[in-house]
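J.: Attaching a single structure in structure tokens format; questions to follow.
Every number in this text was worked out from the coordinates using simple rules, so none of it is lab data. This is a predicted model, so every value here is computed, not measured. Methodologically, a virtual Cβ is constructed for each residue, glycine included, from the backbone with ideal geometry; neighbour enumeration extends over all protein chains shown.
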Amino acid sequence: MIKQIDRVINDLINQATQFKRGGGNPICVAFVGINFSDQYISFEKRKRWPTDGKKYKHPIQEAAQAEQRLIDKARHAFDEFQILRFRATNSKPFPFDWVDLNKTEMEYSSVLTRVSREYDRRF
């Protein structure tokens, strides 16, 4: 995850810059998912790359650092920025759950409320 985080940060910032370059007064919102699973399997064609916690870190081992880097380096480019914390293994039966569903729902609702108010203010 950390190997890819700088690319993700650059892509986010570049996308917000592109929106703003197009004219008008866009409201830029980012929803960024971070996996907090204690295991994960990546795939490259038919090759499987399971995490082992050592050479291939489990998502949970890097999640907090990834979140902090996103906040420190990308958040400034957006009017609203929400981290969606989840757990998914990418292996059958493909379980998925939110780290804290209530917190996720409250943060998401708050973002939507603020965006709605910002829309009314701008337009």
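J.: Before we move on, is D52 under 18 Å from the mean Cα position of the chain (by Cα), free of Cβ contacts under 8 Å to residues at least 40 places away in the same chain and not in a helix (DSSP H, G or I)? Full working, then the answer.
T.: Numbers: under 18 Å from the mean Cα position of the chain (by Cα): no; free of Cβ contacts under 8 Å to residues at least 40 places away in the same chain: yes; not in a helix (DSSP H, G or I): yes.
When the stated conditions are applied, D52 does not pass them.
J.: Need pairs with beta-carbon distance below 9 Å; first residue free of Cβ contacts under 8 Å to residues at least 40 places away in the same chain and within the range 90-112, second part of a loop (DSSP other than H, G, I, E, B); sequence gap 6+ or separate chains.
T.: Pairs found: P95/S37; P95/T89; F96/T89.
J.: Given the criteria free of Cβ contacts under 8 Å to residues at least 24 places away in the same chain, exposed (fewer than 13 other Cβ atoms within 10 Å of the Cβ), in a helix (DSSP H, G or I) and out of contact with any Phe, Trp or Tyr (no Cβ under 9 Å at 6 or more places or on another chain), does Q61 qualify? Spell out how you get there, then give the answer.
T.: Numbers: free of Cβ contacts under 8 Å to residues at least 24 places away in the same chain: yes; exposed (fewer than 13 other Cβ atoms within 10 Å of the Cβ): no; in a helix (DSSP H, G or I): yes; out of contact with any Phe, Trp or Tyr (no Cβ under 9 Å at 6 or more places or on another chain): yes.
In short, no.
Residue-by-condition table, conditions (1) assigned to a loop (DSSP other than H, G, I, E, B); (2) under 14 Å from the mean Cα position of the chain (by Cα):
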position	(1), (2)
I34	no, yes
D38	yes, no
R48	no, no
K57	yes, no
E67	no, yes
F81	no, yes
K92	yes, no
D97	no, no
V111	no, no
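J.: For the condition within 30 Å of R121 (Cα to Cα), of a type in the set (A, V, I, L, M) and in contact (Cβ under 8 Å) with a residue 24 or more places away in the chain, what is the one hit in I83, I34, I2, I71? Let's see the steps before the verdict.
T.: On the way: I34 fails: within 30 Å of R121 (Cα to Cα); I2 fails: within 30 Å of R121 (Cα to Cα); I71 fails: in contact (Cβ under 8 Å) with a residue 24 or more places away in the chain.
Testing whether each residue is within 30 Å of R121 (Cα to Cα), of a type in the set (A, V, I, L, M) and in contact (Cβ under 8 Å) with a residue 24 or more places away in the chain leaves just I83.
J.: Next up: Just to be sure I understand, how many residues within the range 70-87 are surrounded by fewer than 16 Cβ atoms within 10 Å (Cβ to Cβ) and farther than 19 Å from F19 by Cα?
T.: The qualifying residues number 3.
J.: Residue check: is D72 in contact with a strand residue (DSSP E or B) (Cβ under 6 Å, 6 or more places away or on another chain), within 21 Å of M1 (Cα to Cα) and of a type in the set (D, E, K, R)?
T.: On the way: in contact with a strand residue (DSSP E or B) (Cβ under 6 Å, 6 or more places away or on another chain): no; within 21 Å of M1 (Cα to Cα): yes; of a type in the set (D, E, K, R): yes.
Taking the combined requirement at face value, the residue does not satisfy it.
J.: Just to verify a result, which residue in the range 27-58, among those that are closer than 28 Å to Q15 by Cβ and in contact with a Pro (Cβ under 9 Å, 6 or more places away or on another chain), is surrounded by the fewest Cβ atoms within 10 Å (Cβ to Cβ)?
T.: Only one residue fits best here, namely S42.
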